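Note sheet for the following structure.
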Amino acid sequence: AVGLRDHLEVITNGRYKSVLHRVVAQADGNRMSIASFYNPASDAVIFPAPALAEAEAAGGAYPRFVFEDYMKLYVRHKFEDKEPRFEAFKSMESQSTKLIATA
C-alpha cells in the first residue's frame, strides 16, 4: 500500500489525496510491515505546482509552506483530521511567505 503524505496532496493541488493511515490487525496472526519514508529537505518550500494551480484555480488553494514548519505542526496535530492542519497553515501562510522571501 502507498500512502501519500499531505505535502504531495498540496503539490498536486488536491489531485492526489493524502490518506488516513490505518491498520486493522488480525487476532489470529502476526503482522509484519516494512516502512519506507521519503521527505523533502527541511527547508523545502512546498506549494501547488503552478500548472495544476492555474488549471484548478476555482478548486480552493492549498497553502505554501516550509516543510520543517509543517512537520512541527503535524506532530502537534498528528491524530486529527488533515483539514485543520491545512487551515492552520493557511493562516500562517503570509508569515511563512515573508520568511521565505527574506531567505
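When Tyr70 is tested against the conditions (1) modelled with pLDDT under 75; (2) touching a strand residue (DSSP E or B) at 6+ places or on another chain (Cβ under 8 Å), the lone failure is (1). Pairs linking a residue in region 32-56 that is of a type in the set (Ser, Thr, Tyr) to a residue that is part of a helix (DSSP H, G or I) and surrounded by 10 or more Cβ atoms within 10 Å (Cβ to Cβ), with Cβ atoms under 7 Å and 6 or more positions apart or on different chains, are Ser42/Phe67; Ser42/Glu68. Count of region 59-86 residues, restricted to those that are assigned to a loop (DSSP other than H, G, I, E, B) and within 19 Å of Tyr38 (Cβ to Cβ), is 1. Residues in region 16-39 that are surrounded by 10 or more Cβ atoms within 10 Å (Cβ to Cβ) and either in contact with a Ser or Thr (Cβ under 9 Å, 6 or more places away or on another chain) or not basic (Lys, Arg) (or both): Tyr16, Ser18, Val19, Asn39.
Of everything in region 1-15 that is at pLDDT 75 or above and part of a loop (DSSP other than H, G, I, E, B), the residue that is surrounded by the most Cβ atoms within 10 Å (Cβ to Cβ) is Asn13.
The values are calculated or read from the model by the stated rules, or taken from the named source; none is laboratory data. Remember, predicted model here, so these are calculated numbers, not experimental data. Note that we place each Cβ from the backbone using ideal geometry, even for glycine, and neighbour counts take in every protein chain shown.
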